[in-house]
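No lab work stands behind these numbers, since they all come straight from the coordinates. Everything quoted here is computed from the prediction, not taken from an experiment. Note: ideal-geometry Cβ built from the backbone for every residue, glycine included; neighbour counts use all protein chains shown.
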């Protein structure tokens, strides 16, 4: 499914990077994926550990007003001017990292606006791709469920059997040495 930005005729991709490590496994996977992208893409990159995105504080502003009262770097996501979301995160305690969970909590505004105000947020249709790295048990189930909620709220099509790139044995094999990565990347370009 090729989607293009109507004004520039380029695909516009939003990258949400939830890794604190500039040289870590998740960043390696993400940068390898980016290097293999075609030239016709424009990238908006959110390195969450360098941005300010506060979690939802349940102020209930969105129960009686459209939007969110918190003004921070979520504006990049609210702009909704991208054709694809790439969500990259290490798996911490079986879930996405805390900055990604902060984004997820703020998406509660979408549900509240619809439920309380009957105002549907019409995010444009896009594709979702998930990049995960992790060691430990290597079980990404909770992280994938959280990502699915994020993608659904932002109107991004995501198939957990196809649109995922992961290296989940990084305690033993770093992502750079994971032989399955090339196939995951090729399947998602």
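When DSSP beta bridges are restricted to pairs lying wholly in the stretch 11-187, around 5% turn out antiparallel. Taking each DSSP H run with n ≥ 4 as -39500 (n - 2.57) and averaging over every residue of the chain yields -8500 deg cm²/dmol at 222 nm.
In this structure, residue 52 and residue 186 have a Cβ-Cβ separation that, at R0 = 30 Å, corresponds to a calculated FRET efficiency of about 0.25. In terms of its C-alpha gyration tensor, the stretch 116-182 has a prolate overall shape, because the principal axis ratio a/c (a ≥ b ≥ c, square roots of the eigenvalues) is not below 1.5 and a/b outweighs b/c.
Taking the centroid of alpha carbons for each part, the stretch 78-117 and the stretch 134-189 are 16 Å apart. Relative to the longest principal axis of the Cα atoms of the chain, the long axis of helix 141-153 makes an angle of roughly 40 degrees.
Panel note: the C-alpha atoms of the stretch 24-106, placed on their principal axes, show extents of 45, 34, 19 Å (largest first). At q = 0.17 Å⁻¹ the log10 of I(q)/I(0) for the stretch 74-189 amounts to -0.85, computed by Debye summation with a single uniform scatterer per C-alpha, solvent ignored. The distance between label points at residue 123 and residue 152 comes to 1.2 nm (points 7 Å beyond Cα on the Cα→Cβ vector).
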